[in-house]
Amino acid sequence: MSRVKFLEERCKGCLLCTVACPKEIIRQSDRFNQHGYKVAEVPAEDMDKCTGCTSCALMCPDIAIRVYRTPKSKGAAKND
Amino acid sequence: MSEQEKLVFDRADALVDVPTHYCPGCQHGVAQRLAGELLTEMGLTENTLLVTSIGCSVFLYNYLNVDSVEAPHGRAPAVATGVKRARSDKFVLSYQGDGDLASIGMAEIMHCANRGENVSIIFVNNTVYGMTGGQMAPTTLVGQKTTTSPAGRNASKEGLPIRMSEIIGQLGGTAYSARVAVNNVKNIRKAKKAMKKAFEVQQKELGFGFIEVLATCPTNWRMDALKANERIENELIPYFPLGVHKDVTAEVED
Ligand SMILES: Cc1ncc(C[n+]2csc(CCOP(=O)(O)OP(=O)(O)O)c2C)c(N)n1
Ligand code: SF4
Ligand code: SF4
Ligand code: SF4
Ligand SMILES: [Mg+2]
C-alpha cells in the first residue's frame, strides 16, 4: 500500500496535483492553512487507491507532498 | 510509518526547507526544484556557485543551499563568466527570467553563449515581466494582453516573440540548448533529463549549456493555476516548440 502526505503549511492550494494524479483521488479540502490557502487532500477513504507513483509530487511547485510506497510482500506472511 | 514503507519522494538536500514567496501555481517552483534535485543527485551542491538575477526568482539564493552572487538586471551571464574564469574548479549555475535574459540582458547572454563559457543557464520563460506587474516581454505572444500591451501584442509594432533556445543553439560556443515545459508529469521528467545535459556539458568542459523552461505566471496572466497550466500546452508550446536545438554530445556520438 502506498500513501501521500501533504505538508499543509507549504500547500498553496493551486490544485495542480489534482490533475496530475492518474487515480484522481486528490481534491481541495475545506481546510485553510495559516497563510490562508485552502489545502489539497486525499480523502481517507481513497488513500488505498494511491499507487505511490509520485506524479502529484512532481507537479507540485511547492514541494508540499511526500510519497510513501510499501513494496508488495513476496508471499511471506507479514502479520506478525 | 510501517517498517517496509519507503519515502519515495522527498525534498532534495540542495533545496532549503523554507516556503517560497512565489504565487500559487507559479512554475518557478518546479524549475528551481529540478535544479536542486540535480545538484543533489549529481553531487554538485558543495561545489556550486550560483548566479541569480532580477525578477521573481531574485530570492533563489534563499532556496538553493549554495553560495550565490546576485547579478544586476540582465547581467547574470557576464557575472557567471567572471565567476567561472576566477574559479574554473566550480560548477557555475545561473538562473534568469525572460525579461532579464531576452530584453535588458540580450547582449550578455548572446556573447556568453558565443564565447562558449563553461557555465549552465536556466532560462525561465513565462512570457511576461512577472516581478514588476506583468509588462510585455520580448517573449510575450502575439495578441497577449499585458499591462504595456493592453490591446494585445501587435507584431507590426512590437515584432514577433523571440525564440531564445533556437537562437542560442545557432551560436558556435553553445554545447547544449533545449526548450522544455513542466506542464505535466511526462514533460517534467523530460525537463529534468534535458537540464541534466545542460549541467553535464559544463562538467565535461564542452561549452555553454542552456535550458529554456516554459513556465506559468498565473498572477500576471490573470488566470488560476490550472488555466495557466493549460495555456502552456494550448498557446505556448505551439509557438515555442519543445526540443533540443543543439547538443554537441549527440554530434560526437553519431
Ligand atoms: C536596471 C533595471 N531595470 C529595470 C528593473 C525592473 N525590473 C525588475 S524585474 C524586471 C523584469 C523581470 O521579468 P523576468 O526576467 O521575465 O522575470 P519574472 O519575474 O517574470 O520571473 C524588471 C524590468 C530593474 N530591477 N533594474
Ligand atoms: S502518488 Fe500517484 S496515485 Fe498517489 S496521490 Fe500522488 S499522483 Fe495520486
Ligand atoms: S500542487 Fe502542491 S501546492 Fe498545489 S495544491 Fe497540490 S500540494 Fe498544494
Ligand atoms: S508574479 Fe508570476 S512569476 Fe512572479 S511569483 Fe507570481 S506567478 Fe510567479
Ligand atoms: Mg518573466
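Each value in this text was obtained by applying a stated rule to the coordinates, not by laboratory testing. Note that this is a predicted model, so its numbers are computed, not measured. Glycine also receives a Cβ, built like all others from the backbone with ideal geometry; neighbour counts cover every protein chain displayed.
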**OP:** Could you run through the range B:34-90 and say how many residues are within 16 Å of ligand 5 (Cβ to nearest atom) and either in contact with an Asp or Glu (Cβ under 8 Å, 6 or more places away or on another chain) or over 20 Å from B:Cys112 (Cβ atoms) (or both)?
**Re:** 10
**OP:** Within the range B:18-32, count every residue that is among the polar types (S, T, N, Q) and within 8 Å of ligand 4 (Cβ to nearest atom).
**Re:** 1
**OP:** Would you point out the residue of the range B:13-40, among those that are surrounded by fewer than 19 Cβ atoms within 10 Å (Cβ to Cβ) and without any contact (Cβ under 8 Å) to a residue 40 or more places away in the chain, that is farthest from ligand 3 (Cβ to nearest atom)?
**Re:** B:Thr40
**OP:** Within the range A:1-26, track down each residue that is farther than 17 Å from B:Asn229 by Cα and among the charged types (D, E, K, R).
**Re:** A:Arg3, A:Lys5, A:Glu8, A:Glu9, A:Arg10, A:Lys23, A:Glu24
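Among the residues of the range B:92-118, how many are in contact with a Pro (Cβ under 6 Å, 6 or more places away or on another chain) and in contact (Cβ under 8 Å) with a residue 40 or more places away in the chain? Break it down stepwise before answering.
Going through the range B:92-118, the residues in contact with a Pro (Cβ under 6 Å, 6 or more places away or on another chain) turn out to be B:102-103, B:108-109, B:112.
Remaining after also requiring in contact (Cβ under 8 Å) with a residue 40 or more places away in the chain: B:102, B:109, B:112.
Going through the range B:92-118 one residue at a time, the tally reaches 3.
Just a yes or no: is a residue in the range B:37-51 more than 16 Å from ligand 4 (Cβ to nearest atom), more than 15 Å from B:Lys196 (Cα to Cα), outside any helix (DSSP H, G or I) and out of contact with any helix residue (DSSP H, G or I) (no Cβ under 6 Å at 6 or more places or on another chain)? Even if it seems obvious, please write down each step before you answer.
Restricting attention to the range B:37-51, the residues satisfying the condition of being more than 16 Å from ligand 4 (Cβ to nearest atom) are B:37-51.
If we keep only those that are more than 15 Å from B:Lys196 (Cα to Cα) too, we end up with B:46-47, B:49-51.
Narrowing further to those that are outside any helix (DSSP H, G or I): B:49-51.
Of the ones still in play, those that are also out of contact with any helix residue (DSSP H, G or I) (no Cβ under 6 Å at 6 or more places or on another chain) are B:50.
Checking the range B:37-51: at least one residue is more than 16 Å from ligand 4 (Cβ to nearest atom), more than 15 Å from B:Lys196 (Cα to Cα), outside any helix (DSSP H, G or I) and out of contact with any helix residue (DSSP H, G or I) (no Cβ under 6 Å at 6 or more places or on another chain).
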**OP:** Enumerate the strands (runs of 3 or more DSSP E) found wholly within the range A:4-70, keeping only those where 3 or more residues are in contact with a Ser or Thr (Cβ under 9 Å, 6 or more places away or on another chain) and surrounded by 15 or more Cβ atoms within 10 Å (Cβ to Cβ).
**Re:** A:38-41, A:65-69
